[in-house]
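Presented below is the structure to which this report refers.
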């Protein structure tokens, strides 16, 4: 296998575990010397994880009473079809569905905070793989993410607020790519900073959004859009978000 064979179909099959052992080893060897293709693989895996986090719970929900029918072969078949549709969305075709739902050319700030909240839910639950690059490589992390977003980034210092940088990762986003930084305090509470290109244009003041249990303060500033998120009350998150805002947008 040569580098030219690292096309979309091959990378998708690699991520989905559809290659045999020989093909998988060949792809792994090529990815070791192809940073761009390796980054695409990481992005595909992150998208798959996000889709599973969003849709897997649907499979466990009870069927509404009004939808129930007498137990017969046809009803069982319909249930299997419904489950198959959900799994299809989570699979390869789900990537295109998610691109339409999670980001289109006319989406606004609400979509941005939705992306940020989804990333927060997925990765703050991780223990061993919460970040891709750890805090002890902060300089490398910031330089890498700045290059991928084509804008200078910084990792705010929140030690004075009791939060230490855990690290960060690159994520796929409706605007191309997003930077995801994670912080944690001694109690194990996690806070994330989500940054992507400001596709909406212009600037906004400090704003608040609630997405289920996740609170978010966000703002648009020049070429970038920022969101600070935590599973916390608005009053608890506000001083932390202000600290980040003041450091990034003095």
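Summary table
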{"quantity": "Filtered residues of the range 178-209 (kept if over 20 Å from residue 148 (Cβ atoms) and under 17 Å from the mean Cα position of the chain (by Cα))", "calculated": "183, 190, 191"}
{"quantity": "Given (1) in contact with a helix residue (DSSP H, G or I) (Cβ under 6 Å, 6 or more places away or on another chain); (2) closer than 20 Å to residue 131 by Cβ, number of the condition residue 183 does not satisfy", "calculated": "(1)"}
{"quantity": "Selected residue (only one of 187, 178, 205 is within 14 Å of residue 117 (Cα to Cα), assigned by TED's automatic domain parsing to the domain that holds residue 125 and either free of Cβ contacts under 8 Å to residues at least 60 places away in the same chain or in a strand (DSSP E or B) (or both))", "calculated": "178"}
{"quantity": "In the range 110-140, the residues that are touching a residue at least 40 places away in the same chain (Cβ under 8 Å), in contact with a strand residue (DSSP E or B) (Cβ under 8 Å, 6 or more places away or on another chain) and either in a helix (DSSP H, G or I) or buried (at least 21 other Cβ atoms within 10 Å of the Cβ) (or both)", "calculated": "110, 112, 113, 114, 115, 116, 117, 119, 120, 121, 123, 124"}
{"quantity": "The one condition in (1) under 23 Å from residue 35 (Cβ atoms); (2) at pLDDT 95 or above; (3) assigned to a strand (DSSP E or B) that residue 172 fails to fulfil", "calculated": "(2)"}
{"quantity": "Scope the range 141-161; condition in a loop (DSSP other than H, G, I, E, B) and more than 18 Å from residue 175 (Cβ to Cβ); matching residues", "calculated": "154, 155, 156, 157, 158"}
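The values are calculated or read from the model by the stated rules, or taken from the named source; none is laboratory data. The model shown is predicted, which means the values in this text are computed figures rather than measured ones. Note that each Cβ is placed from the backbone with ideal geometry, even for glycine, and that neighbours are counted across all protein chains shown.
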